[in-house]
Amino acid sequence: MDADLKPVLTRIAEALERLAPPAPAAARFDGARLFRHDPATGAFHPAPDYPLALESLVGVERQKDRFLENLQRFAAGLPSNHALLWGVRGTGKSSLAKAAFMAVAADAPDLKLVEVDRDEVVTLPALFDVLRGRAERFLVLCDDLSFEEGAAAAKALKSALEGGVSGPPANVLFVATSNRRHLMPRGHQEDRGLVAAAEDAEEEVSVSDRFGLWIGFPPMDQPTYLAAVGAYAARFGLETSDLDRRALQWAQLRGARSGRVAWQFIRDLAGELGKPLPL
C-alpha cells in the first residue's frame, strides 16, 4: 500500500508547489534613495530624489538645526531619537524631513528614506522586522500621523518603536509629522463609552512619549513669511518690483501665512514669468 501511495503523494506535493505563490524577492535599495512601502505586496517602490534644498527652507532655522543634528548622529551610527515634528499645517514639517534627509544622504550612501502611509501604521512592526539587520540605515517617515482608527494603530506604533523582546532596530529612525503634539484626532470619543474612550485616549497620548525628540513649528509671522518668499524668489531668479505687496495680497486671499502659502505664491509667480521650478 505504501509503495502504491508514494507516486500519488509525490504528484500532489508537486502540484501544490506549482500552485503556491513564489517567495517574495528580497528587498533591494540600491536603485534610489527614497522609497514608498506597499504593505499589501511588501514591495519598496523607488521615488525620485526630493528636489528642494535644505537651505531654501526659511523661518525654521532652530527646527532645521535640531533635526539635522539628530539625523546626522543616526547616519553615523551614534545614539539618536525618533522624532515627532508637530505644529500648524503648512509650516514645512514634511519638507524639512525630506530636505534634511537629502542633505545627509549626500555623504551617507547607505542612508535610505522609506515613506509609509498614515493608514498603514498597523503594519509598522512587520516593516521594522524586514528592515532589521540590513546593512542600510533607514529613516522611516509617516506624514500627517494621527490615530483616526483609535488605539489599535497606537499600540502597533508603540510595538514598532519598542521592538518587543528583540528591541527596536538599531538601523531604523522613525520620523512622524502631525498637526497635533499628542497625535489624537478630534472627535475620536464619539460613539464610545466613557471608560473605553478614556483608555483609548491614554493609549494614543502615550505614543508621543515614545518620541525622544519633539520639534514644534509655530505659526509664521509676517516678516518670516516675506523672508521665505524673498528666499524662494532669489533662489529661482524670479524678479518683480512689487514682490512683498503681491506676496501679502496672496496670503490675505488664502487667510494664512506659512511656508506652504509662500511656496504656492512662488509657483504662481514663476508660472506668470514663464520660469520652471523643481516641483
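The values are calculated or read from the model by the stated rules, or taken from the named source; none is laboratory data. The structure presented is a predicted model; accordingly, all values stated were derived computationally and were not measured. All Cβ positions, glycine included, derive from the backbone under ideal geometry; neighbour counts span all protein chains shown.
Where helices (runs of 4 or more DSSP H) fall wholly inside segment 162-275, the ranges with 1 or more residues that are within 20 Å of Val122 (Cα to Cα) and modelled with pLDDT under 90 are 194-208. Scanning segment 110-127 for residues that are more than 18 Å from Lys155 (Cα to Cα) and assigned to a loop (DSSP other than H, G, I, E, B) turns up at least one hit.
Here is a check on your reading of the model: is Thr91 part of a loop (DSSP other than H, G, I, E, B) and either surrounded by 22 or more Cβ atoms within 10 Å (Cβ to Cβ) or among the aromatic types (Phe, Trp, Tyr) (or both)? The answer is yes for Thr91. Yes or no: segment 12-20 includes at least one residue that is at pLDDT 85 or above and small (Gly, Ala, Ser). No, there is no match, as no residue in segment 12-20 is at pLDDT 85 or above and small (Gly, Ala, Ser).
Consider segment 38-82 and keep the residues that are touching a helix residue (DSSP H, G or I) at 6+ places or on another chain (Cβ under 7 Å), in a helix (DSSP H, G or I) and not aromatic (Phe, Trp, Tyr). The one that is surrounded by the most Cβ atoms within 10 Å (Cβ to Cβ) is Leu71. Taking the criterion of being under 20 Å from Phe35 (Cβ atoms) and hydroxyl-bearing (Ser, Thr, Tyr), would at least one residue in segment 122-145 satisfy it? Checking segment 122-145: at least one residue is under 20 Å from Phe35 (Cβ atoms) and hydroxyl-bearing (Ser, Thr, Tyr).
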